[in-house]
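Undergrad: Have a look at the structure that comes next, please.
The values are calculated or read from the model by the stated rules, or taken from the named source; none is laboratory data. The shown structure was predicted, so the numbers you read here are calculated from the model rather than taken from an experiment. As a convention, Cβ positions derive from the backbone with ideal geometry for all residues, glycine included, and neighbour counts pool all protein chains shown. Areas reflect the complete protein model, heavy atoms only, side chains present, ligands, DNA and RNA absent. Shrake-Rupley method; radii C 1.70, N 1.55, O 1.52, S 1.80 Å.
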Amino acid sequence: MQKTTKWVACAVASSVLLTGCGMFGEQKKEQIDPPKNVTYTKEEQAKQSGEKKVEAAKRELYLVDKNGFVVPQALALPDAKDNAVIKQSLEYLVKDGPVTNLLPNGFQAVLPANTTVNGVDIKDGTAIADFSAEFKKYKKEEERRIVEAITWTLTQFKDVQRVKIRIDGQDLAMMPVDKTPIGEGLSRADGINFDDRQVLDVMNTKPVTLYFVAQNNKQTYYVPVTRRIANNKETATKEGEVIAVVNELVKGPSYKSQLSSDFNAGVKVLTPPKLEGGKVTLNFNQNIYGDTKKSMISNHVLQALVLSLTEQKGVEGVAIQVDGKASIVKENGEKLTAPVTRPQNVNTGSF
């Protein structure tokens, strides 16, 4: 899968440095005692200067929801510098670890409790994550989720394309419990939350990642699902692959999945997609509308399209037309006049 973003698309938020402002008016001509050297924390500096406290940067952590899906959740983590932020993101995947009080309702961490992240080295686009022996203490059915959560959490960072795993300095050729092969390294192309439909001809298919809607009480969020599509002449080009992704979104999720889709039946792309400068333009029939009288597109349809298509390599934005005209409005009444790009983090709100 591609970043982002392909199964956040994903970029690292920059740390914000606070600069102090003058707190006093004119200085007194005389000082009884010389000033003392005082070191302030960032929060204290903000307080002294009258500035508001700056929010911690948000990172995408891939956690497990109540249905067993590995799902990105953007959580505000304490400030960390350079590669420390990459190590930190793994530490926040540990059960009963520092993420505990941040977990959204219905979500849980994936790595075995008491696992220590010994370190993460980055070399030539590969992150080598080294864990303590406690990493082995998980159930067989958890293995795939652990692999996916580690891979997708680390590949949100721009310097990471692949992931390798070690335990106490020893490279793993396969995972320790269910023996999932990982020796060559893992990437988003290896997929996430695989569709449970049986694929008979793996050699003549290829994976794509689609985003469907999940509901937990009043909370709505998007779940990446990897599905295999035909690998043929129609999907050999980038334009053909885009059409295939749209068609799979229209088909919707598996009926067993507890996921949903807002796409109407009969949605079609009327003319070949145009891909220029990272922007893909899609010309739909009127079935794409959530409300034909208002020429309105559903937020869930818009977000599913953008998240799914920007998982494709070379696609950074999506422009939508209906019957050749860019006359669509979003649910909030705003006109959809410019291409829509992927948000920095998935599941943080609407576009």
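Undergrad: Tabulate in residue order the Karplus-calculated ³J(HN,Hα) for region 103-110, using 6.51 cos²θ - 1.76 cosθ + 1.60 with θ = phi - 60°, rounded to whole Hz; enter x for Gly and Pro.
TA: These are the phi-based 3J(HN,Hα) values: 5, x, 4, x, 10, 9, 6, 10 Hz.
Undergrad: Also, quick follow-up: For region 239-349, just say rounded, prolate or oblate: build the C-alpha gyration tensor, square-root its eigenvalues into a ≥ b ≥ c, call rounded for a/c under 1.5, and beyond that prolate if a/b exceeds b/c, oblate if not. Present the calculation step by step, with values, prior to reporting the outcome.
TA: Numbers: a/c = 1.18, a/b = 1.04, b/c = 1.14.
Judged from the Cα gyration tensor, region 239-349 comes out rounded (a/c under 1.5).
Undergrad: Can you tell me the length gained on complete extension of the stretch residue 256 to residue 232, counting 0.36 nm per residue apart and subtracting the Cα distance?
TA: The span from residue 256 to residue 232 would gain 5.8 nm if fully extended.
Undergrad: Could you tell me whether region 59-210 comes out rounded, prolate or oblate from its Cα gyration tensor? Rule is a ≥ b ≥ c as square roots of the eigenvalues, rounded for a/c under 1.5, then prolate if a/b exceeds b/c, otherwise oblate.
TA: rounded
Undergrad: Can you give me the distance in nm between label points at residue 173 and residue 102, each placed 7 Å from the Cα along the Cα-to-Cβ direction?
TA: 3.7
Undergrad: Using only protein heavy atoms and a 1.4 Å probe, report how much of residue 274 is accessible, in Å² to the nearest 10.
TA: 130
Undergrad: Could you please report the charge total around residue 166, scoring K, R as +1 and D, E as -1 over all other residues with beta-carbon less than 10 angstrom from its beta-carbon?
TA: Residues near residue 166 contribute -3 overall.
Undergrad: Expressed in nm to one decimal, what extension gain is obtained for the pair residue 76 and residue 139 from 0.36 nm per residue of sequence separation less their Cα-Cα distance?
TA: That pair, residue 76 and residue 139, stretches by 19.8 nm at full extension.
Undergrad: Let me ask you something else. Over region 139-260, how many pairs of lysines fall under 24 Å by alpha carbon, counting only those 8 or more apart in sequence or from different chains?
TA: 17
Undergrad: Could you state the number of Å between the C-alpha centres of region 57-110 and region 300-351?
TA: Each part reduced to its Cα centre gives a spacing of 26 Å.
Undergrad: For residue 194 and residue 337, compute 0.36 nm times the residue count separating them, minus their Cα-Cα distance, and round to one decimal in nm. Present the calculation step by step, with values, prior to reporting the outcome.
TA: Working: separation 143, 0.36 × 143 = 51.48 nm, distance 3.44 nm.
Extending this stretch completely gives an extra 48.0 nm.
Undergrad: Would you tally the net charge around residue 73, using a Cβ to Cβ cut-off of less than 11 Å, leaving residue 73 out, and scoring K and R as +1, D and E as -1?
TA: Net charge in that neighbourhood comes out at 0.
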